[in-house]
Ligand code: ACO
C-alpha cells in the first residue's frame, strides 16, 4: 500500500541511496524533477545561441574549433538531460512544445546579448563557473539518471570554464583596448551570473522540499557565496575587477559582504522581458519548425526498418 511505498522511498532518501525510474516515488517528487531537469535541459539548448552567435566570427581557426566543440557539448548536455527527464514519464515532444510556446522556463542568463568576443570569455568564466558550482552537488542528486548525467556534464563544464578564463586572460594582458573589452564583458556578466543561483533563500519556494528530497544539496545563497569566493582570487590572476565596490570578506559572519542584487531585473527576465527573451524563443521555434522534415524522415525510416523486422 501507499504508506509502505512511501516508507521505502523515505528510507532510500535517508540512506543517501538512489531512486531509479522504476521505483515508486511520490507524485510531487516526480513533478519537481520533471520541472528542474527539463528547465535545465532547455537552458543547455537555449544556451547554444549566445555563443553560436560568435562561431563564424571567432578570431582564429583554433578559437573557432574550440567554440564549436563547446557549443556541441551544450547540445549533448541538453540531450542527456531530456533523456533523464523522459525516464519520469514526459515526452521530448511535450517538453519542446512547452519551451517554444514560452510555457517552460530556462536559465535567466541566456537572455543577455553577446556583442563582443570578450563575451565568450566572460560566459566561460562566469556562466560556466556558476554552472559548475551549482551542478557539482547535483551529481549526488537522489534521482539516479539526473545525478549520473551531471557527472559527465560537470567534466565538460570544467573545460568550458577554463577556456573562458584563458580567453579573458589573453585579452586582459593584451592591448589597452583588449583589456577594456574584457573588463566591460565582466561588468555586464557578473550580476546576471549571480542571479543564476535563483532567488534568495527566503524567497525560494522550492528549496526546502528539494533539499529534503536531496535533489538540491545546498541552498541558492550558499552556492552563490561559494561562487563569489571562487571568483575573487581568479579575478586577481586575470587582472580584472569584479564590479561590486562593496564586495569584501566578513570575518565575523564568515560570508562575503556584497551589494544588493537587482531582483527587479531578475524578475523581469523571468517574466520574459529580458534583453533577448523574445529573440531566443523565436530562434528556437524556427529551428524546430525547419527541422520537421528531419524528424519525419527519421520516423519514416524507423517505421520501414520495423516493418522489415516484422516480415
Ligand atoms: N533563471 C530562470 N528561472 C529561475 C532561475 C534562473 N536563474 N532561478 C530560479 N528560477 C525559477 C525556478 O525555476 C522557480 O520557478 P518555477 O517554480 O516556476 O519552476 C522559481 O524561479 C523559484 O526558484 P526556486 O524555488 O529557488 O527554484 P529551484 O529550487 O528549482 O532552484 C535552481 C533554482 C537553483 C536554478 C535549480 O532549479 C537548479 O539547480 N537547476 C539545475 C541547474 C540549471 O538549471 N542550470 C541552468 C543554467 S546552467 C547551464 O545550463 C550552463
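Laboratory data are not the source of any read-out in this text; all were calculated from the coordinates shown. Please read these numbers as outputs of a predicted model, since none were measured by experiment. Please note: Cβ atoms are built from the backbone with ideal geometry, for glycine as well, and neighbour counts cover all protein chains shown.
Can you say whether residue 202 is out of contact with any helix residue (DSSP H, G or I) (no Cβ under 7 Å at 6 or more places or on another chain), within 16 Å of the ligand (Cβ to nearest atom) and farther than 30 Å from residue 100 by Cα, as far as the supplied structure shows? Judged against the criteria, residue 202 is a match.
Screening the candidates 103, 22, 35 for the property of being within 21 Å of residue 269 (Cβ to Cβ) and either outside any helix (DSSP H, G or I) or more than 14 Å from the ligand (Cβ to nearest atom) (or both) yields one hit, 103.
Here residue 5 clears all of (1) under 30 Å from residue 270 (Cα atoms); (2) assigned to a helix (DSSP H, G or I); (3) over 25 Å from the mean Cα position of the chain (by Cα) except the condition numbered (1).
Results for (1) closer than 30 Å to residue 124 by Cα; (2) within 16 Å of the ligand (Cβ to nearest atom), shown as yes or no for each residue.
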position	(1), (2)
3	no, no
8	no, no
18	no, no
29	no, yes
43	yes, yes
46	yes, yes
84	yes, yes
88	no, yes
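Filtering the stretch 162-184 for residues that are free of Cβ contacts under 8 Å to residues at least 40 places away in the same chain, within 17 Å of residue 107 (Cβ to Cβ), more than 9 Å from the ligand (Cβ to nearest atom) and touching a helix residue (DSSP H, G or I) at 6+ places or on another chain (Cβ under 9 Å) leaves an empty set. Scanning the stretch 106-126 for residues that are in a helix (DSSP H, G or I) and near the ligand (Cβ under 10 Å from one of its atoms) yields a count of 5.
Applying the selection to the stretch 127-147, what residues are in contact (Cβ under 8 Å) with a residue 40 or more places away in the chain, part of a helix (DSSP H, G or I) and touching a helix residue (DSSP H, G or I) at 6+ places or on another chain (Cβ under 8 Å)? Within the stretch 127-147, 127, 129, 130, 131, 133, 134, 137, 138, 140, 145, 146, 147 meet the criteria.
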